[in-house]
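Only one structure is covered here, and it is reproduced in the block below.
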Amino acid sequence: MGVLGEAWTWLTTGANWSGESGVSHRLSEHLYVSGVALALACAIALPLALYLGHIGRGGALAVNISNVGRAVPVFAVLALFMVSPLRNSGYVPTVIALVLFAVPPLLTNAYVGMTGVDRSVREAASGMGMSGGQLFLRVELPLAYPMIMTGLRSAAVQVVATATIAAMVGQGGLGRIITAGFNTYNTPQVVAGALLVAVLALLVESVLVALDRLLSPLRRRRTV
């Protein structure tokens, strides 16, 4: 039996799914940290990007500043937090690091989507008597929606995958399964943990693709 077969055996063993160090508990930790980080990143990046894209000013500077988060390794950010007063604040350091990592794709894609709306379309809507708010809600936001969702999917997958590194500084999540396997020289467990993270990332991507198709403003207009 190869490593993959042994990893499958590990995954299908019920004892590995129960308890505080089991897959079920680690999965709930991973989803909690990833969900909180993604929600905070959306709350920070999307309103700013949509507003700047609507007024057409300041977006390039905001995008460049947010991209600094991509240049700083997440593990380095976590390591800095672990020697700061926040080291005993639970998942706060991990969430902050993941937020910094998730903001750039959200902000960049939303801003590009807003500024990509054809100027003639804006002018036509304004000529029809639409206010700034109506222009934003009825024209700009629906047309920018595909780019916004692309940024959301990218950020979500990156956060889910990167959250595993929280285990390197003693936090929870599926990464703890991988580090526990390394510590005990249990290669099948390491592979099993990596497969769990990969499958979770693919599931998150699939769910967001389905939501994208379901909530698309253009799709709803075609069905009316």
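Among 193-202, 151-160, what's the highest-first ranking by average C-beta atoms within 10 angstrom per residue? Provide the component values of the computation, followed by the final result.
Details: 193-202: 17.8, 151-160: 22.6.
Those peptides, ordered most packed to least, come out 151-160, 193-202.
Once Lys and Arg get +1 and Asp and Glu get -1 on their Cβ, which of Ser28, Leu137, Ile165 lies farthest toward the positive end of the dipole of the chain?
Leu137
Treat every Asp and Glu Cβ in the chain as -1 and every Lys and Arg Cβ as +1, leave all other atoms uncharged, and give the resulting dipole magnitude about the Cα centre to the nearest 20 debye.
Details: 14 positive and 8 negative charges, 124 e Å.
So the magnitude is around 600 debye.
With charges set only on the Cβ (+1 for Lys and Arg, -1 for Asp and Glu), what does the dipole of segment 95-224 come to about its Cα centre, in debye to the nearest 20?
Values: 10 positive and 5 negative charges, 75 e Å.
The dipole of segment 95-224 has a size of about 360 debye.
Do the sum for the chain: with -39,500 (n - 2.57) for every DSSP H run of n ≥ 4, divided by all residues, what is the mean residue ellipticity at 222 nm, to the nearest 500 deg cm²/dmol? Walk me through the intermediate numbers first.
Working: 12 runs with 167 residues, N = 224.
Theoretical 222 nm ellipticity from helices: -24000 deg cm²/dmol.
Quick one: compute the contact order of the chain, relative version, from alpha carbon pairs under 8 angstrom and 6+ residues apart, as a percent.
Numbers: 268 pairs, mean separation 59.1, N = 224.
Averaging sequence separation for qualifying contacts and normalising by length gives 26 percent for the chain.
Have a look at Val204, Val103, Leu215 and report the one farthest towards the positive end of the charge dipole of the chain, computed about the Cα centre with Cβ charges (Lys/Arg +1, Asp/Glu -1).
Of the candidates, Leu215 comes out farthest on the positive side.
Could you order peptides 127-134, 96-103 by the average number of other Cβ atoms within 10 Å of their residues, highest first?
Working: 127-134: 10.5, 96-103: 24.1.
The densest-packed peptide leads the list: 96-103, 127-134.
Using alpha carbons only, how many degrees (0 to 90, rounded to 10) separate the axis of helix 141-162 from the longest principal axis of the chain?
10 degrees
Tell me the label only: which of (i) 1.22; (ii) 0.97; (iii) 1.06 is Cα Rg over 2.2 N^0.38 Å as calculated from this structure?
The listed entry that was calculated here is (i).
Once phi is turned into θ = phi - 60°, what whole-Hz ³J(HN,Hα) does the Karplus curve with 6.51, -1.76 and 1.60 give for every residue of segment 182-189, x standing for Gly and Pro?
In residue order, the calculated couplings are 4, 5, 9, 6, 9, 4, x, 5 Hz.
Taken together, the values in this text are just the output of simple stated rules run on the coordinates, not laboratory data. Since we're looking at a predicted model, the values are computed, not measured. As a convention, Cβ positions derive from the backbone with ideal geometry for all residues, glycine included, and neighbour counts pool all protein chains shown.
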